[in-house]
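The values are calculated or read from the model by the stated rules, or taken from the named source; none is laboratory data. Since the model is a prediction, treat every value here as computed from it, not as a measurement. So basically every Cβ, Gly included, is an ideal-geometry build from the backbone, and we count neighbours across all protein chains shown. What goes into the accessible areas is simple: the full protein's heavy atoms, side chains included, and nothing from ligands, DNA or RNA. Shrake-Rupley method; radii C 1.70, N 1.55, O 1.52, S 1.80 Å.
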Amino acid sequence: MRADRAFKDSVKSAGLKWSAVEKVLPDWAGQAFDSASGVLELKGFLVRHLGLHLESDGSLTAAVLPTALFKTTAGTDIETVSAARRIATSCAKIVAQATKPKWSGFNSDPSSIRSSIIEKSKHGWVDFESLLAKCWEVGIPVIYLPDLPVEGRKMQGMVTNVVGRPVIVLSKKDQADWLLFILAHELGHIARGHLPQTEGGAIVDAEVTADSSSDSQEDEANSFALAVLTPFKGIRIASTVPKAPELAEAAIKFGKAKGISPGHVILNAVRNTTINGHKLFALGRAAQKLLPVELSSRPVDELCKESIAENIDVDRLTYDSAEYLENLGVL
């Protein structure tokens, strides 16, 4: 796409990746640079959808959002995550404005949530698909954005308060079993009252881990997540470490008996088992791949797209916003 260097530089300076931004622009963007009015209209699109701000001199800068709680690990630069947060917030606003289920709060007791999900679950446990459905049921949209057009690092998960409701954003590229804990963790931030109530307020988790930390809010969100997913605080592998097929078989048997997703059984077990100072995540991934298709969740992007299609009124979206969500892989 033809664009002058100053335009591209202003987009890049806000932490966005121009080659990726091009892919989510509207179909008329190619002709926008033929006139000053077209350029202005394109800048307006970037302001509405990509978290930018139009200065009085016509330049584009990063929009200023309310202060967020950034949950980062050592060595993470908050600025590298901020661009992803801005785009995610803009996307959350678009989806929230068109969401059909009402938000008026929810029963935040994790055991009650777990029971209500299991009652409707086809397998008798909480998996990504059933927890996703529960979030939408109580009026909390969940958006999957694994390909945000930003330079640098993204967050794994985020919850933001927009248009009078909380919205959860997931950005980590991974299987549903791995994202299940992140989704439950973000829901825990809402349930425990951590989310700032200002418009655009957010909790941004650069990395979500079930390990204990010095951050009380992270520990509270973890405890909530585990209580929703399992009646046990932790699952360990016995003294003899099994091969992947044996671990998969044992997880299925244990999961069916205790009402826990076999995928979560595997992840919980490998996280809580250390051999010679190392976690067994490679074994866990190998075992997950051996779980029968009928016991595994479908790909996260498929599930999230279906949920959005069922729970938003597309007629409330502008044509540009609907096209943008499609280009991002949200719709």
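What the table below lists for this structure:
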item: Expected 222 nm ellipticity per residue - DSSP helices of 4 or more, -39500 (n - 2.57), all of the chain, to 500; result: -15000 deg cm²/dmol
item: Sequence-distant residues sharing a close amide H with VAL162 (under 5 Å, placed H); result: VAL167, GLY200
item: Region 104-141 versus region 28-47: alpha-carbon centroid distance in Å; result: 43 Å
item: Between helix 110-120 and the chain: long-axis angle, C-alpha atoms, 0 to 90°, nearest 10; result: 90 degrees
item: Pair PHE232, ALA257: separation of 7 Å Cα→Cβ label points (nm); result: 0.9 nm
item: TYR319 accessible area, 1.4 Å probe, all protein chains in place, Å² to nearest 10; result: 150 Å²
item: Counting DSSP beta bridges with both ends in the chain, the antiparallel % (nearest 5); result: 75 percent
item: FRET efficiency estimate (nearest 0.05) - Cβ-Cβ, VAL64 to ARG192, R0 25 angstrom; result: 0.35
item: In degrees, nearest ten, helix 244-258 long axis to first principal axis of the chain (Cα); result: 80 degrees
item: Candidate lysines for bridging to LYS8, where Cα separation is under 18 Å - those fewer than 8 sequence places away on the same chain excluded; result: LYS17, LYS23, LYS43
item: Virtual spin-label span in nm between ASP57 and GLU294, 7 Å along Cα→Cβ; result: 6.6 nm
item: Angle between the chain longest axis and helix 216-229 axis [Cα atoms, degrees, rounded to 10]; result: 60 degrees
item: Cα-projected label distance for SER216 with GLU41, points at 7 Å along beta-carbon direction, nm; result: 5.4 nm
item: Anchor LYS243: lysines whose Cα lies under 29 Å away (excluding residues fewer than 8 positions away in-chain); result: LYS122, LYS172, LYS173, LYS233, LYS253, LYS256, LYS258, LYS279, LYS289
item: Peptides ranked, highest mean first, by Cβ atoms within 10 Å: ranges 22-35, 182-195; result: 182-195, 22-35
item: Gain on full stretching of the segment that runs from ASP34 to SER108 - 0.36 nm per residue minus C-alpha separation; result: 21.3 nm
item: Region 176-331 shape via C-alpha gyration tensor axes, a/c threshold 1.5; result: oblate
item: Accessible solvent surface per residue of region 195-331, calculated while the other protein chains remain in place, 1.4 angstrom probe, Å²; result: 50 Å²
item: Nearby aspartates and glutamates by direct alpha-carbon distance to LYS154 (threshold 12 angstrom, same-chain neighbours under 8 apart not counted); result: ASP77, GLU79, ASP205, GLU207
item: Contour minus Cα-Cα distance for LYS23 and LYS279 (0.36 nm per residue); result: 88.3 nm
item: Portion, in percent, of the accessible area of the chain that falls on carbon or sulfur, probe 1.4 Å; result: 51 percent
item: Cβ-Cβ FRET estimate between LYS122 and ASP313, R0 fixed at 35 Å, reported to 0.05; result: 0.80
item: Heavy-atom SASA rank of ARG85, ARG236 (probe 1.4 Å, accessible area, largest first); result: ARG236, ARG85
item: Under Karplus coefficients 6.51, -1.76 and 1.60, residue-wise ³J(HN,Hα) of region 312-317 in Hz, glycine/proline x; result: 10, 9, 4, 5, 7, 8
item: Per residue accessible area of region 1-136, 1.4 Å probe, in Å²; result: 48 Å²
